[in-house]
Amino acid sequence: MSIDTVSSQRLREAMVDQLVADHEAKGLVMRPEVEAALRVVPRELYTPGVPLVEAYRSDSAVITKKRGDETVSSVSAPWLIAEMLDQAVDALDGGLAGRHVLEIGSGGYNASLLRELVGPSGSVTTVDIDPEVTERAVACLAAAGYSDVTVVCADAEQPVTSDRRFDLIIVTVGAWDVPPAWIAQLAEGGVLVAPVRTFGMTRSWALRRDGDRLVSSSDRLCGFVAMQGAGAHEVRYVDIAPGVHLRLDEGQQVDATSVGGLLALPREQAWAGASLPPRTVLADLDLWLAARLRDEVNEVVVLTAQQDAVDAGVVAPAWRFGTPAALHGGTFVYRSALRWSGDVFDVGACAHGPDAAVWAARMVAQMRAWVDAGEPSAVLSVLPAGTPDGDVPAGTVLDKRHSRMVLTFTPA
Ligand SMILES: C[S@@+](CC[C@H](N)C(=O)[O-])C[C@H]1O[C@@H](n2cnc3c(N)ncnc32)[C@H](O)[C@@H]1O
């Protein structure tokens, strides 16, 4: 065995040990078959030219293609790949062995893990819109010895094959909507695992097909490069201070000059008065806040910030990559960084503007309501566009191009 092979194996074992520990810290359990696959597939063969240590970082993606400043392709971060594969195994009764899987967004690494999971009687097809990516995936898969993965170059907004149904479609690119082709290509009872943006916040949803609709069984916080092609969806950013931005959804209108000076106004801080344990999943709280505030405020937006702006105290968001925020009548309010007291924490809100105290109090009242309701998880239902209101389950409805999405919350 060469020194490189030995260090690759050693780094791979260390990466998986770290992933297992991170899962535990989040209150998750990694599926044994997912762990076994991660221990086998040589990730460095999908990241040529990248130092071994970088290839085996558990917490970061390896960027493989940029267009200007924008990342358009990457080998996804191992923690995220592992969590999405767990979601798939959990959602498919009996796991992945013998299943037929379509992966949307290629690279080769995840396809190899899927190949390990489905075994000899299953199949894996992977599709990417970019011929450079599919060519590289074919070469990397061959180098790693996975010659039985079908690689297709196409826009996955449209059906990849006309005559096949898959048990699992796993999407590894950020989507705003669920195109009809994804549902049509799923077997009845099949599962779609896809990063879908609702209220500007992306979660990986595991969704099971039931006729013409999908209903989720789990969601995980995540971030992905954006879909290209016919399903591309515009995301705009408005700068509100150096290094501080609002992320806007398609169709949202925010006047940059009127919000530009808001952060210079005094900050009002309010707390929910909760004592939450470290493993509380706040990704669901953020969706709850967006859904509850939508009917009360002019705009629900997402606050993002550079680390420098956070360090300088310009903003104190809960998560600098995407925190729910709202604009209403010249007041700006967002979920703030946690306040720890021993080994429990409280959640709070910061607000600036004429009605800062009122809106900080309203936002924490919604946080309190979430805690009092038993910290419910979000459930996403996806129905065809045009479904009459009477056939839509009770909840917060988001109308997209192809679908009506409904968010409901069920106690954990
Ligand atoms: C994060 S990468 C995929 C990572 C990969 N699954 C892995 O094994 O690490 C996302 C990919 O989605 C592709 N993509 C973007 N829009 C697409 C579309 N409409 N159809 C198919 N692929 C698309 C991009 O070209 C990019 O290569």
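The values are calculated or read from the model by the stated rules, or taken from the named source; none is laboratory data. Everything numeric here is computed off the predicted structure, so don't read it as measured data. Note that each Cβ is placed from the backbone with ideal geometry, even for glycine, and that neighbours are counted across all protein chains shown.
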Worksheet item: From the residues in segment 55-76 that are surrounded by 14 or more Cβ atoms within 10 Å (Cβ to Cβ) and among the charged types (D, E, K, R), which one is modelled with the highest pLDDT?
Response: 57
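A quick yes/no check of all residues on (1) surrounded by fewer than 15 Cβ atoms within 10 Å (Cβ to Cβ); (2) not polar (S, T, N, Q):
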| site | (1), (2) |
| --- | --- |
| 356 | no, yes |
| 369 | yes, yes |
| 378 | no, yes |
| 388 | yes, yes |
| 396 | no, no |
| 402 | no, yes |
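Residues are listed down the side, and each one gets a yes or a no for (1) acidic (Asp, Glu); (2) surrounded by 15 or more Cβ atoms within 10 Å (Cβ to Cβ); (3) on the phi > 0 side of the Ramachandran plot:
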site: 292; (1), (2), (3): no, yes, no
site: 299; (1), (2), (3): yes, yes, no
site: 307; (1), (2), (3): no, no, no
site: 318; (1), (2), (3): no, yes, no
site: 324; (1), (2), (3): no, yes, no
site: 345; (1), (2), (3): no, yes, no
site: 365; (1), (2), (3): no, no, no
site: 372; (1), (2), (3): yes, no, no
Worksheet item: Could you say whether any residue in segment 22-29 is small (Gly, Ala, Ser), outside any helix (DSSP H, G or I), under 25 Å from residue 220 (Cα atoms) and not assigned by TED's automatic domain parsing to the domain that holds residue 139?
Response: yes
Practice prompt. Would you be able to say whether some residue in segment 144-155 is within 22 Å of the chain's Cα centre (by Cα), aromatic (Phe, Trp, Tyr) and at pLDDT 95 or above?
Written response: no
Discussion item. Tally up the residues in segment 136-174 that are touching a residue at least 60 places away in the same chain (Cβ under 8 Å), under 18 Å from residue 113 (Cβ atoms) and of a type in the set (D, E, K, R), please.
Written reply: 2
Discussion item. Could you go through segment 334-352 and let me know if any residue there is assigned by TED's automatic domain parsing to the domain that holds residue 282, in a loop (DSSP other than H, G, I, E, B), in contact (Cβ under 8 Å) with a residue 12 or more places away in the chain and out of contact with any helix residue (DSSP H, G or I) (no Cβ under 9 Å at 6 or more places or on another chain).
Written reply: yes
Practice prompt. Could you tell me whether segment 194-205 includes any residue that is in the same structural domain as residue 78 (by TED's automatic domain parsing), surrounded by fewer than 18 Cβ atoms within 10 Å (Cβ to Cβ) and hydrophobic (A, V, I, L, M, F, W, C)?
Written response: no
